[in-house]
Amino acid sequence: MASMDETFRTTAAPGGLLDLLVVGGGVNGTGIARDAAGRGASVLLVEQDDLASHTSSASTKLIHGGLRYLEYYEFRLVREALIEREKLLRIAPHIIWPMRFVLPYTPQARPAWMLRLGLFLYDHLAPNMTLPKCKSLDFRTSSAGQPLNGKLARGFAYSDGWVQDSRLVVLNAMDAKARGADIRTRTRMVAARRVNGVWEVDIENMLDGTKTTVRARVLVNAGGPWVSEVLRERAQVESTKNVRLVKGSHIVVPRLFDGPQAYILQNPDKRIVFAIPYEQKFTLIGTTDVPWTQAPGDVEISPEEISYLCESVSRYFTKPVTPADVVWSYAGVRPLYDDAAKNASAVTRDYVLDVDTQGNQAPMLSIFGGKITTYRRLAEHAIEKLQPFLPVLSAPGWTADKVLPGGDLGEGGFEGALGRLRAQAPFLGADLSWRLVRNYGSRATEIVGDAHSMEDMGELFGAGLSVREVEYLIANEWAQTTQDILWRRSRLGLHVTDEDTARLEAYLKARKPGTAPTSA
């Protein structure tokens with residue numbers, strides 16, 4: 001196995017000088033790495049944990065304009081997000097798909113005219129929208145009213161999108177690598193300094209402690225919740241911009257309702273909570289907005305947040321939800337740009353890109369804020385800001401039209417790709433075939449390879465997870481641990497037993513690279 005120095009020499013530009021060093025393996029960092037590499041820049045991305053370990057895997061999993069942001073007059077942000085929604089549906093149709101949202105009307109929250117106006121704007125702010133537009137619902141006759149408790153007679157339905165958030169990050173990293181970028185997980189930026197017009201950056205392999213110094217013309221700080229730490233402590237750069245950390249938490253409960261629709265519920269405090277079909281057997285409920293002043297690493301939902309989310313949905317559904325129903329929860333810290341808003345829910349979800357040159361020295365671009373829906377456009381804006389310093393980045397933008405890995409589903413879209421996989425490998429069964437195409441798109445066939453039976457797929461670790469899939473994830477998607485595989489590359493952690501997890505853990509500890517069957 002090549003050392004870090006050997007790997008660096010093979011990936012860096014001539015003379016060992018990179019064009020771009022990106023710090024942070026979330027959606028913004030991988031999006032920028034993908035865009036820059038596709039324009040011909042030499043790129044190294046370092047992430048101290050796994051890809052999408054933190055904020056980018058702790059979202060509500062929505063590709064949306066942000067209906068509620070209209071209340072705060074964020075028209076530009078909503079319009080940009082709605083335009084991006086259309087583009088992302090095209091470039092990642094396997095992991096992003098349309099979803100219909102039901103909004104019950106309750107006079108205690110917002111007046112009906114405000115909801116109608118907001119939904120009208122939502123349907124017309126962006127051009128060339130392909131999703132079905134808003135319509136009024138009578139819950140006495142609509143199937144969408146069946147799970148509700150009967151206290152509310154009417155509401156509205158509108159369209160948005162669903163995304164497998166952590167997979168979006170991984171696919172951007174995969175495409176960046178395919179275009180020449182070097183992606184290193186479990187690698188931490190320790191310190192950075194400007195020397196002779198370039199950045200010298202000390203990085204550390206978190207697994208074996210190996211330290212290396214690399215050189216780059218430009219440093220991109222996509223540290224998410226750590227953006228201020230990277231800026232001020234590790235790079236010793238002062239800035240007038242600040243990040244405001246807000247914790248968002250979610251709970252998962254057994255499925256509350258049938259049907260593919262999701263619900264957006266208004267609370268008496270004017271906040272909204274989503275109830276969304278999740279992993280076939282569950283309902284995802286979230287999110288909260290809680291100011292966060294502690295370290296941004298490991299965060300957990302509080303008992304108060306669980307009670308708040310349970311009470312929020314119990315106001316609306318026939319079947320009440322209690323804390324005892326929660327089968328899983330997760331929380332993440334959102335690094336929002338600090339616009340001095342008093343209410344955490346009102347803090348802007350827009351982003352600010354700050355370039356520091358300290359006179360005329362090597363540039364550092366720091367990202368404050370942002371949301372998963374606008375990550376691709378944020379990356380384009382970042383590249384535009386860096387073009388004066390890196391002429392190679394002046395090549396035309398390209399990411400809006402090139403599908404992410406597996407997104408080339410072929411004739412018939414998702415259903416066509418699913419049918420072809422089932423014809424190739426009927427032994428997989430309906431559920432496993434569906435999951436493989438939903439996760440990997442056209443690349444599901446690479447995992448199956450020449451297998452003619454489930455026995456050919458190797459040892460099974462529950463929920464259809466096989467050795468072939470595990471080895472694909474290790475070879476292609478930087479997966480190393482059970483957490484990587486069961487919770488970030490998939491959500492199979494909800495479906496497997498403790499015994500399944502223990503067997504997977506044992507397999508990962510025992511495997512020797514090159515000895516297990518692979519399809520990569």
- Query: Would you say SER159 is under 25 Å from the mean Cα position of the chain (by Cα), within 30 Å of ILE474 (Cβ to Cβ) and modelled with pLDDT of 95 or more?
  - Reply: no
- Considering only segment 430-468, state which residues are of a type in the set (D, E, K, R) and under 21 Å from the mean Cα position of the chain (by Cα). ARG435, ARG438, ARG443
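Taking GLU238 as the residue in question, decide whether it is more than 23 Å from ILE372 (Cβ to Cβ), at pLDDT 95 or above and acidic (Asp, Glu).
Criteria not met by GLU238.
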- Message: Looking only at segment 367-416, how many residues end up being assigned to a loop (DSSP other than H, G, I, E, B), surrounded by 17 or more Cβ atoms within 10 Å (Cβ to Cβ) and within 22 Å of the chain's Cα centre (by Cα)?
- Response: 9
- Query: For segment 165-190, what are the residues that are within 26 Å of ASP356 (Cα to Cα) and surrounded by fewer than 17 Cβ atoms within 10 Å (Cβ to Cβ)?
  - Reply: VAL190
- Task: Give the residues of segment 281-304 that are touching a Lys or Arg at 6+ places or on another chain (Cβ under 8 Å) and either under 19 Å from PRO225 (Cα atoms) or not in a strand (DSSP E or B) (or both), sorted by residue number.
- Result: LYS281, THR288, ASP289, VAL290, PRO291, TRP292, VAL299
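Just checking, does segment 504-512 include any residue being of a type in the set (D, E, K, R), open to solvent by 50 Å² or more (accessible area, probe 1.4 Å), farther than 20 Å from SER433 by Cβ and modelled with pLDDT of 95 or more?
Yes.
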- Hey, could you check segment 96-122 for residues that are open to solvent by less than 20 Å² (accessible area, probe 1.4 Å) and outside any strand (DSSP E or B) and say which is farthest from SER312 (Cα to Cα)? TYR122
- For SER159, indicate whether it is free of Cβ contacts under 8 Å to residues at least 24 places away in the same chain and in a strand (DSSP E or B). no
- Note on the structure: Per the filter on segment 244-261, residues buried (at least 21 other Cβ atoms within 10 Å of the Cβ) and either of a type in the set (Gly, Ala, Ser) or part of a helix (DSSP H, G or I) (or both) are GLY248, SER249
- Scanning segment 355-402 for residues that are polar (S, T, N, Q), free of Cβ contacts under 8 Å to residues at least 40 places away in the same chain and touching a helix residue (DSSP H, G or I) at 6+ places or on another chain (Cβ under 7 Å) gives GLN387
- Which condition number does TRP478 fail, the rest of (1) open to solvent by less than 40 Å² (accessible area, probe 1.4 Å); (2) over 23 Å from GLU47 (Cα atoms); (3) aromatic (Phe, Trp, Tyr) being met? (2)
- Message: Looking for something surrounded by 13 or more Cβ atoms within 10 Å (Cβ to Cβ), in contact (Cβ under 8 Å) with a residue 24 or more places away in the chain and under 25 Å from LYS371 (Cβ atoms) - is there at least one such residue anywhere in segment 138-152?
- Response: no
- Search result, residues across segment 297-329 that are over 30 Å from PHE139 (Cβ atoms), in contact (Cβ under 8 Å) with a residue 12 or more places away in the chain and exposed (fewer than 14 other Cβ atoms within 10 Å of the Cβ): GLY297, GLU300, PRO303
- Looking only at segment 424-436, decide whether some residue is of a type in the set (Lys, Arg) and under 23 Å from ALA510 (Cα atoms). no
- Message: Quick check on segment 438-469: of everything there that is in contact (Cβ under 8 Å) with a residue 40 or more places away in the chain and among the hydrophobic types (A, V, I, L, M, F, W, C), which residue is surrounded by the most Cβ atoms within 10 Å (Cβ to Cβ)?
- Response: PHE461
- Find all pairs meeting these conditions: Cβ atoms under 7 angstrom apart; at least six residues apart or on different chains; first residue within segment 277-296 and over 21 Å from ALA144 (Cβ atoms) and in contact (Cβ under 8 Å) with a residue 24 or more places away in the chain; second residue outside any loop (DSSP other than H, G, I, E, B) and among the polar types (S, T, N, Q). THR287/SER249; THR288/SER249; ASP289/SER345
- Item | Among the candidates VAL273, VAL313, VAL290, residue that is at pLDDT below 95 and either within 20 Å of LYS61 (Cβ to Cβ) or in contact with an Asp or Glu (Cβ under 7 Å, 6 or more places away or on another chain) (or both) | VAL290
- Query: Of (1) over 28 Å from ARG349 (Cβ atoms); (2) open to solvent by less than 40 Å² (accessible area, probe 1.4 Å), GLN424 satisfies all except one. Which?
  - Reply: (2)
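The values are calculated or read from the model by the stated rules, or taken from the named source; none is laboratory data. Computed from a predicted structure; not experimentally measured. So basically every Cβ, Gly included, is an ideal-geometry build from the backbone, and we count neighbours across all protein chains shown. Quick note on the areas: whole protein, heavy atoms, side chains included, nothing else; ligands and nucleic acids left out. Shrake-Rupley method; radii C 1.70, N 1.55, O 1.52, S 1.80 Å.
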